[in-house]
Amino acid sequence: MSARDVESRPSPIAGLGLFAKREFAPSERIAPYSGTMATEPPPEASPGGKVYTLEIAPGRWLDGSSADNPSRHANHACHPNAELIWHEEETTAWLTAQRPIAAAEEITFDYAFSLAESLFHPCACGAADCVGRIIAAPLRPALRRHLRFSRPRD
Ligand SMILES: [Zn+2]
């Protein structure tokens, strides 16, 4: 990965996003998500605030808020083109292509938020079937059922 591989610029999803500056092949490493590892969850994030601390494994959090983290602006999407992969023997996690990524495409991954976290973080990824919340993919069907019964469809 080099500085020419990715860039941060305004995103249609939210704030700044991370964009590919060249093509990436499936399972190719795009950029490190570098930061500080912690075994405690971060203090409660402000509702709707930008999130940089992710639970990358059960009981392991990675605070990627440092300006040195080239991936800190990568947005969540319901159909991401990358995933965050961390191997225990490594000090950093990597955004890794899940499918072919074209140059200039926005790089997104699943923040894998819990139901509780999702309540404070709307998703605006633009997918036709966007669930409307930033939440881990396996939890989306349950959230969808919940939303269907708790408020009128829009
Ligand atoms: Zn979405």
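At a glance:
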{"quantity": "Every pair of residues 6+ apart whose Cβ atoms lie under 6 Å, when the first sits in segment 117-140 and is farther than 13 Å from His76 by Cα while the second is within 9 Å of the ligand (Cβ to nearest atom)", "calculated": "Arg140/Val131"}
{"quantity": "Verdict on Ser27 being of a type in the set (Ser, Thr, Tyr) and at positive phi", "calculated": "yes"}
{"quantity": "Top-ranked residue in segment 75-88 [being more than 14 Å from the ligand (Cβ to nearest atom) and part of a loop (DSSP other than H, G, I, E, B); ranked as surrounded by the most Cβ atoms within 10 Å (Cβ to Cβ)]", "calculated": "Trp86"}
{"quantity": "Tally of residues being closer than 16 Å to Ala82 by Cβ and either more than 10 Å from the ligand (Cβ to nearest atom) or buried (at least 17 other Cβ atoms within 10 Å of the Cβ) (or both) across segment 124-137", "calculated": "4"}
{"quantity": "Those residues of segment 55-105 which are under 16 Å from the mean Cα position of the chain (by Cα) and acidic (Asp, Glu), in sequence order", "calculated": "Glu55, Asp63, Glu83, Glu105"}
{"quantity": "Hits in segment 1-35 - residues which are surrounded by fewer than 17 Cβ atoms within 10 Å (Cβ to Cβ), more than 14 Å from Phe109 (Cα to Cα) and among the polar types (S, T, N, Q)", "calculated": "Ser2, Ser8"}
{"quantity": "Test: Leu119 is exposed (fewer than 15 other Cβ atoms within 10 Å of the Cβ) and touching a strand residue (DSSP E or B) at 6+ places or on another chain (Cβ under 8 Å)", "calculated": "yes"}
{"quantity": "Residue that is surrounded by the most Cβ atoms within 10 Å (Cβ to Cβ), among those in segment 42-59 that are assigned to a loop (DSSP other than H, G, I, E, B) and at pLDDT 80 or above", "calculated": "Tyr52"}
{"quantity": "Among (1) among the hydrophobic types (A, V, I, L, M, F, W, C); (2) within 12 Å of the ligand (Cβ to nearest atom); (3) under 18 Å from Ser34 (Cβ atoms) - the single one Leu143 does not satisfy", "calculated": "(3)"}
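The values are calculated or read from the model by the stated rules, or taken from the named source; none is laboratory data. The model shown is predicted, which means the values in this text are computed figures rather than measured ones. Glycine gets a Cβ as well: all are built from the backbone with ideal geometry, and neighbour counts include every protein chain shown.
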